[in-house]
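Comments concern the structure below.
The values are calculated or read from the model by the stated rules, or taken from the named source; none is laboratory data. Being a predicted model, the structure only gives us computed values, none of them experimental. Methodologically, a virtual Cβ is constructed for each residue, glycine included, from the backbone with ideal geometry; neighbour enumeration extends over all protein chains shown.
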């Protein structure tokens, strides 16, 4: 069993960290073929192997990678990052993403103290998590999620209401969790996602909007974690916030955020 394994979710060939703690994973690999009909092979592990939901990638996004890691990796700690967004270490260099990623040697000594690793909080200031989602996507998604939680796990309602009224969150579906916590989180999360997918009308949705299961997961992670804190399963002192770097178009991102808030224009593409 590995001490720690972090999958790097990607849908394309790109440069990857050299540290063996990282495992490049082709997400949404099921059914992907070249123009001549041969399966696309980046030379990475594929998320359509073993126990998987790769075929659902068009709705679940990188969460098909999380599911694969949950079901198929054998490690004491399991994590998820993205090909353009990583946790970074003490030698982070601006505009040098791959040479800034946190290494095994940096994170291994922290495992004796921390059960949960998350990206530093993203603050929205003028928005709650719920209002931000409502302005940028479709708030009916969380009406459905709330009904599922009330039915299946009402003990999470306190955490749900608290988190959706926050103005910050641990975003991006990035985390590293102790194995038993990963099992707990994924069992809870995917039960909700599978039901939500069946209840949301996806007819006429764009490819961008269709990935709603991945987006609601960002907030549901915080709901799950808040419940673990409330019930004493995880102490706040066992949560480590890590710096991160991302390769995004900030001009577009800020413009889209303000347009959603004040002009009621929904997000249409990833930044």
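Values computed for the structure shown
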item: Filter pass, residue 80 being closer than 25 Å to residue 215 by Cβ and modelled with pLDDT under 95; result: no
item: Checklist (1) out of contact with any strand residue (DSSP E or B) (no Cβ under 8 Å at 6 or more places or on another chain); (2) crowded, with 19+ Cβ neighbours inside 10 Å; (3) touching a residue at least 24 places away in the same chain (Cβ under 8 Å) applied to residue 48, failing item; result: (3)
item: Selection from segment 134-177 of residues that are modelled with pLDDT under 95 and within 18 Å of the chain's Cα centre (by Cα); result: 136, 137
item: Selection count, segment 229-241, where residues are assigned to a loop (DSSP other than H, G, I, E, B) and out of contact with any helix residue (DSSP H, G or I) (no Cβ under 6 Å at 6 or more places or on another chain); result: 4
item: Unmet criterion (only one of (1) surrounded by fewer than 16 Cβ atoms within 10 Å (Cβ to Cβ); (2) under 19 Å from the mean Cα position of the chain (by Cα); (3) over 29 Å from residue 200 (Cβ atoms)) for residue 77; result: (1)
item: Selection status of residue 226, surrounded by fewer than 16 Cβ atoms within 10 Å (Cβ to Cβ), at pLDDT 95 or above and assigned to a helix (DSSP H, G or I); result: no
item: Yes/no for residue 42 being within 12 Å of residue 8 (Cβ to Cβ), modelled with pLDDT of 95 or more and not in a strand (DSSP E or B); result: yes
item: Output for segment 62-74, where each listed residue is assigned to a loop (DSSP other than H, G, I, E, B) and crowded, with 21+ Cβ neighbours inside 10 Å; result: 62, 73
item: Scope segment 24-38; condition crowded, with 21+ Cβ neighbours inside 10 Å and either at pLDDT below 95 or not in a loop (DSSP other than H, G, I, E, B) (or both); matching residues; result: 25, 26
item: Count of residues meeting criterion [touching a residue at least 12 places away in the same chain (Cβ under 8 Å) and exposed (fewer than 14 other Cβ atoms within 10 Å of the Cβ)] in segment 148-157; result: 2
item: Residue ID - nearest to the chain's Cα centre (by Cα), chosen from residues in segment 51-61 that are surrounded by 18 or more Cβ atoms within 10 Å (Cβ to Cβ) and assigned to a helix (DSSP H, G or I); result: 60
item: Residue 197 surrounded by 14 or more Cβ atoms within 10 Å (Cβ to Cβ), modelled with pLDDT of 95 or more and under 29 Å from residue 3 (Cβ atoms); result: no
item: Residue list for segment 81-110, restricted to those being in a helix (DSSP H, G or I) and either touching a strand residue (DSSP E or B) at 6+ places or on another chain (Cβ under 6 Å) or touching a residue at least 12 places away in the same chain (Cβ under 8 Å) (or both); result: 98, 100, 104, 106, 107, 108, 110
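Residue-wise test of (1) under 20 Å from residue 3 (Cβ atoms); (2) within 22 Å of the chain's Cα centre (by Cα).
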{"position": "31", "(1), (2)": "no, no"}
{"position": "37", "(1), (2)": "no, no"}
{"position": "49", "(1), (2)": "no, yes"}
{"position": "68", "(1), (2)": "yes, yes"}
{"position": "71", "(1), (2)": "yes, yes"}
{"position": "86", "(1), (2)": "yes, yes"}
{"position": "97", "(1), (2)": "no, yes"}
{"position": "102", "(1), (2)": "yes, yes"}
